[in-house]
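Since the structure comes first, as structure tokens, the remarks are kept for the end.
We did not get these values from a lab; they are worked out from the coordinates using the rules stated. Every value quoted in this text rests on a predicted model; they were computed, and no experiment measured them. Ideal geometry is used to build each Cβ from the backbone, glycine not excepted, and the neighbour counts take in all protein chains shown.
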Amino acid sequence: MGNRGMPGVSSVVSHPRKELWMGIFDRFKSSRAAQDKAGDMSDAAEKQVNKKTGDKYTDKVDDAQQKAEGAMGMDRNRDRPGQP
């Protein structure tokens, strides 16, 4: 509100959490152990969703999981049945 007259400063002042989150993601991307743990959690969540839906939406769940992992910089190369 008070930084409207200062071009370039408003984005840093009005979004201090953005810098915090960028720091967290940078540390996450550089930590192989954190990525492995997140991958394990992601796989467990995928299994739970598939179990709850009776494997009816397996392809959609897998696509969503890959998009979420890609957004976090976790492009894992995995051999999955039915995947090219």
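List of remarks:
- For K60, the lysines whose Cα falls under 26 Å of its own Cα, not counting residues fewer than eight places away in the same chain, are K29, K37, K47, K51, K52.
- Local charge for Y57 was computed over the other residues whose Cβ lies under 12 Å away, with Lys and Arg +1 and Asp and Glu -1, and equals -1.
- The simple spin-label model puts a point 7 Å past each Cα toward its Cβ; for F28 and A45 those points are separated by 0.9 nm.
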